[in-house]
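This report refers to the structure that appears directly beneath it.
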Amino acid sequence: MNFSISNTEGDNSFYFHFYSDAEEPVRIPNTPLQERGDGKIDFNDYQISEFKRDHLSHHHSGAIHSKDKKGNKLTDGNKGINFDDIEVSRLVMVCAPVQIDKLPIHKKLDNTKDIIIHLKDDIQAFTLHYDVYRKSKIKEMDISNPNLLFGGYIMVAMENKDFGLRIYAQRVGGKPFWPPFNLILNIIGE
C-alpha cells in the first residue's frame, strides 16, 4: 500500500492505494458493521464485488471514495467525519492485512509514498491505523498505546495543510489470526 496527500492548495484529502485491491475484486459486507449491533466482523458475511479498487480517498468534507483504475466510483454511501469536527485527532481507517507471505510482491517502490516496514519472520496478525490530526494540536495527541508495534508512530504532514496523518501498527488482542482477505474498515463519522 502507498498513500499521498493532495497537493492542491486548501485540499486536505488523503489518498490510499492498495496494491492487491487493484488486482482482485473488493469484498463488501452484506450487513454493514454499524448495523450489526454487536460491532463484530463476520468474514463469512462478505460478498465479492466486481469492483477492483485502485485507490481510496478520505476528504476534508468527510466523503470517502473508492475508485478503480478508470475513475469509476464504488458507491457504498460511506461518509466519514468532516475534518473541521476533529478537535485533536480521529481514527479514520483501520487495515488488517492477510498473512504477509500471501500479499503480492510489489517491485516498483516510490520513496515519496511507500512506507517500508521490515517484519520479523514470526510476526503475528496486526492492524494498521490511520488517524487524521489537527496540526495545531499535535502536542495534545495521546501517545500512550500499550499495543503499539514497530516502535512508534509515523507522522506525515505538508507545510501548507491544516491536517496531518498519523500511521501506526497495533497488535491484535485476544487470539490473533490473519484475516482471509485484506480487511479495510473506514471509520464512519458520528
Base-10 log of normalised Debye intensity for segment 35-77 (one unit scatterer per alpha-carbon) at q = 0.25, 0.27, 0.28, 0.34 Å⁻¹: -0.96, -0.98, -0.99, -1.10
Within segment 133-171: backbone nitrogen closer than 11 Å to the residue 115 label point (7 Å, Cα to C-beta): 149-157, 165-170
Cα-derived Rg over Rh, computed across segment 85-190 with Rh taken as Kirkwood radius: 0.97
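Taking the Kirkwood radius as the inverse of the mean 1/r across Cα pairs, report the Rg/Rh of the chain.
For the chain, the value is 0.93.
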Rg(Cα) / (2.2 N^0.38 Å) computed for segment 102-163, rounded to two decimals: 1.40
Among 80, 174, 164: highest mean-square fluctuation, GNM of the chain, C-alpha pairs under 10 Å: 174
Sorted peptide list for 129-141, 50-62, criterion being average Cβ within 10 angstrom, highest first: 50-62, 129-141
Spin-label model distance (nm) - residue 91 vs residue 136, 7 Å beyond Cα toward Cβ: 2.7 nm
Reciprocal mean inverse distance between Cα atoms of segment 76-119 - Kirkwood radius, Å: 14.4 Å
Convex hull of Cα atoms in segment 51-107, direction-averaged projection (nm²): 5.8 nm²
Over segment 38-150, volume per residue of the alpha carbon convex hull, in Å³: 197 Å³
For q = 0.10, 0.26 Å⁻¹, Debye-computed log10 I/I(0) when each Cα of segment 1-88 counts as one equal scatterer: -0.30, -1.30
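FYI, it's all coordinate maths here, none of it is from the lab. From a predicted model like this one, the values you see are computed outputs, not experimental measurements. A quick note on method: Cβ atoms are made from the backbone with ideal geometry, for glycine too, and the neighbour counts reach across all protein chains shown.
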